[in-house]
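Presented below is the structure to which this report refers.
The values are calculated or read from the model by the stated rules, or taken from the named source; none is laboratory data. Note that the coordinates shown come from a computational prediction; the quantities given were computed from them, not determined experimentally. Virtual Cβ from ideal backbone geometry, glycine too; neighbours counted across all protein chains shown. Remember, those area values only see protein heavy atoms, side chains included, never the ligands or the DNA or RNA. Shrake-Rupley method; radii C 1.70, N 1.55, O 1.52, S 1.80 Å.
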Amino acid sequence: MDPNEVVCYCLNITKGAIKDAIDAGSHTLEEVQEATGAGTVCGACQDDIKQLIEELS
């Protein structure tokens with residue numbers, strides 16, 4: 001996994017930032033959204049975020 005790869009282009013949120021949120025206890029899409037803001041603008045990246053949660057939780 002490239003931690004610098006952008007997942008949420010609206011807010012420029014990277015895989016590394018999402019991993020940090022998951023490591024800190026965010027284990028649902030809603031929790032990751034609250035922690036990072038990712039997936040809260042256009043929503044196009046929500047499936048990618050869910051996949052990361054599954055892989056990293």
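Out of (1) open to solvent by 40 Å² or more (accessible area, probe 1.4 Å); (2) out of contact with any Cys (no Cβ under 6 Å at 6 or more places or on another chain); (3) part of a loop (DSSP other than H, G, I, E, B), what's the single condition that is false for SER26?
(1)
Being closer than 19 Å to MET1 by Cα, open to solvent by 20 Å² or more (accessible area, probe 1.4 Å) and either assigned to a loop (DSSP other than H, G, I, E, B) or not hydroxyl-bearing (Ser, Thr, Tyr) (or both) is the filter here; which residues of the range 30-48 pass it?
Matches in the range 30-48: GLN46, ASP47, ASP48.
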